[in-house]
Amino acid sequence: MSGITLVPVSLGERSYNVAVGSGAISLTSTMIPAGVKRIAVVTQEGVPDSFIPQFVDHDVFVAKIGVGEAFKSLLTIQQLCSEFASYGLTRSDCVVAVGGGMVTDVAGFAAASYHRGIAVVHVATSLLAMIDAAVGGKTGVNIPEGKNLVGAFWQPSGVVCDLDALNTLPTREMNCGLGEMAKYHFIAREELNTLPFAERVARCIGIKGEIVAADEREGGIRAFLNYGHTLAHALEIETDFAIAHGEAVSLGLLFAAHLAHRMGRITSQRVDEHYHVVHDVYSLHLPLPSGLTIEEIIRAMARDKKAVNSLTFVLDSAQGLEVVTGVTEHDITDAFQDLKSRLQQI
């Protein structure tokens, strides 16, 4: 269809396309696997009815996922799977997740768990879901000890990113997506801001698709997709999610730049480039949450999924991003103070 781009995620027999563009919702039915009889459409309050696909035999599970990270829990997975069983969903049926990143994470994990795995199609209605959560097969929920610590790799049969959905998105939700979009500038080392917005969304998805195809289960370069996320997840946990994910990522990118500079990995000019992308390109001028100590943040960082035997970060260098282990608390403390000082000057 004119104006819709199909971005491939190449995973052999589990390959799928991500449809990106205005009106892409019309392609949802083409992504349902053959033989499916019942479809469980999982969504939440606030998702426009116009983006909830209609099928011959389906049920819509609304309000099973509340608003806020507290609902991204194992209890929600249990409730959804119970509803699936009551509906009569079988192993040969399908879940269609319609909503933002939390919906695709939760519905994807429920699909991965129910009957030990049934098909799922994601209809992403937020920018964050389009360029991050809905693509790549990582699903999961939070527990008190950390964010996304329980989950599964479960690739969808297809992903729909209808850009018309972004017209209904609140400013804060849009900014969350822009925070994730900013990280792709540093993963790919490309001037993504020179692209028209629709092409930029497709390119971000393409970058993620290429990384997932090369490293599906995060044994290597897929960790680059977590650039800026170590501090981000710590801020989310320590503020009880008062700061939204994309907001936290925008701060995490700046912190990662300061940390890399403290460790002699990048120049001060490269730090400035991070501020240019976050502050000038995407207008994400956010303060650090008040009342947090660096000791609390370091403890939260130590629970990050990448921290196997030591504090671990994805950091920039002249050669590109790298996973760096054994980062010292001294460097973290100094970099955090650098971030605080610079934000206070702006």
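The values are calculated or read from the model by the stated rules, or taken from the named source; none is laboratory data. Please read these numbers as outputs of a predicted model, since none were measured by experiment. Note that each Cβ is placed from the backbone with ideal geometry, even for glycine, and that neighbours are counted across all protein chains shown.
A few comments on the model shown:
- Odd one out for V56 among (1) part of a strand (DSSP E or B); (2) out of contact with any Leu (no Cβ under 9 Å at 6 or more places or on another chain): (1)
- Filter result for V271 (farther than 15 Å from T230 by Cβ and touching a residue at least 60 places away in the same chain (Cβ under 8 Å)): no
- Boolean, V308 is in the same structural domain as L235 (by TED's automatic domain parsing), among the aliphatic types (A, V, I, L, M) and modelled with pLDDT of 95 or more: no
- Test result for K138, closer than 19 Å to G68 by Cβ, of a type in the set (K, R) and buried (at least 22 other Cβ atoms within 10 Å of the Cβ): no
- Residue tally, condition farther than 22 Å from Y275 by Cβ and either part of a loop (DSSP other than H, G, I, E, B) or of a type outside the set (K, R) (or both), over segment 204-235: 16
- Among the residues examined, F313 does not qualify as over 25 Å from R222 (Cβ atoms) and within 26 Å of the chain's Cα centre (by Cα).
- Of the residues examined, V96 is one that is crowded, with 21+ Cβ neighbours inside 10 Å, in the same structural domain as D162 (by TED's automatic domain parsing) and either among the aliphatic types (A, V, I, L, M) or at positive phi (or both).
- Which numbered condition L288 fails, given (1) loosely packed, with under 15 Cβ neighbours inside 10 Å; (2) in a loop (DSSP other than H, G, I, E, B): (1)
- Within this structure, V123 passes the test of being touching a helix residue (DSSP H, G or I) at 6+ places or on another chain (Cβ under 7 Å) and touching a residue at least 40 places away in the same chain (Cβ under 8 Å).
- Search result, residues across segment 54-93 that are surrounded by 13 or more Cβ atoms within 10 Å (Cβ to Cβ), over 28 Å from L235 (Cβ atoms) and either acidic (D, E) or not assigned by TED's automatic domain parsing to the domain that holds K147 (or both): D59, E83, D93
- Yes/no for S250 being assigned to a loop (DSSP other than H, G, I, E, B) and of a type in the set (S, T, N, Q): no
- Taking segment 253-273 as the range and being assigned to a helix (DSSP H, G or I), more than 17 Å from T328 (Cα to Cα) and not hydrophobic (A, V, I, L, M, F, W, C) as the test, the residues that pass are S268, Q269, R270, D272, E273.
- Residue that is surrounded by the most Cβ atoms within 10 Å (Cβ to Cβ) [pool: residues in segment 312-346 that are part of a loop (DSSP other than H, G, I, E, B) and in contact (Cβ under 8 Å) with a residue 40 or more places away in the chain]: D316
- Residue within segment 93-104 that is under 25 Å from G35 (Cα atoms), part of a helix (DSSP H, G or I) and polar (S, T, N, Q) present: yes
Results for (1) of a type in the set (D, E, K, R); (2) touching a His at 6+ places or on another chain (Cβ under 7 Å), shown as yes or no for each residue.
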{"site": "G209", "(1), (2)": "no, no"}
{"site": "R222", "(1), (2)": "yes, no"}
{"site": "L231", "(1), (2)": "no, no"}
{"site": "E236", "(1), (2)": "yes, yes"}
